1. Taking the Cα centre of region 10-128 as origin, work out the dipole magnitude from +1 charges on Lys and Arg Cβ and -1 charges on Asp and Glu Cβ, in debye rounded to 20.
2. Roughly how many nanometres apart are two label points built 7 Å out from the Cα toward the Cβ at Arg7 and Leu107?
3. Could you tell me the distance between the Cα centroids of region 25-58 and region 77-131, to the nearest Å?
4. Lys/Arg Cβ at +1, Asp/Glu Cβ at -1, dipole of region 15-131 taken about the Cα centre: which of Ile125, Val28, Val86 is farthest positive-ward?
5. For region 1-53, state the average projected area of the convex hull of the C-alpha atoms over all orientations, rounded to one decimal in nm².
6. To the nearest 10 degrees, how steeply does helix 82-91 sit against the main Cα axis of the chain, on a 0 to 90 scale?
Amino acid sequence: MKFTIDRIDHLVLTCADLTLTASWYQRVLGMERHEFGGERRTALRFGAQKINLHEVGHEFVPHAKLAKPGTLDLCFITAVGPLDVVAHLHGCGVEIIQGPVHKEGALGPMNSVYCRDPDGNLIEISTYLED
């Protein structure tokens, strides 16, 4: 049977402190915290996707073989311009690592701003360029 992948539904982020990480993604990136399952699992919802959080040492089975905080490089798309992203990050007290810079995304050229979450994961916030 041949198949193709349509989209990403969710990913799992291993973090050192679940509460700190969930709060950062809510405050800085506007994600909605969601508790689910009988095991009191935590997810961050945005658009039609979500990020499930695993706290290191308390991962849910199955999990990545080498799940560690600070090992991801995530790119999120926003509808606001890069200068608005920069202003928002500064307003949240988040250090900008790089940007705005031109990058190539899944759908073409975009402007990106880079920062880090509390675990040191690289977070890219991008806006697709208008024609």
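1. On the way: 10 positive and 13 negative charges, 37 e Å.
Roughly 180 debye for region 10-128.
2. 1.0
3. If you average the Cα positions of each part, the centres end up 21 Å apart.
4. Most positive-ward Cα: Val28.
5. Values: hull surface 20.0 nm².
Seen from a random direction, the Cα hull of region 1-53 projects 5.0 nm² on average.
6. 60
Here, each number is a calculation from the coordinates, and none is a lab measurement. Remember, it's a predicted structure, so these values are computed and weren't measured experimentally. Using ideal geometry, Cβ is built from the backbone for each residue, glycine included, and neighbour counts are taken over all protein chains shown.
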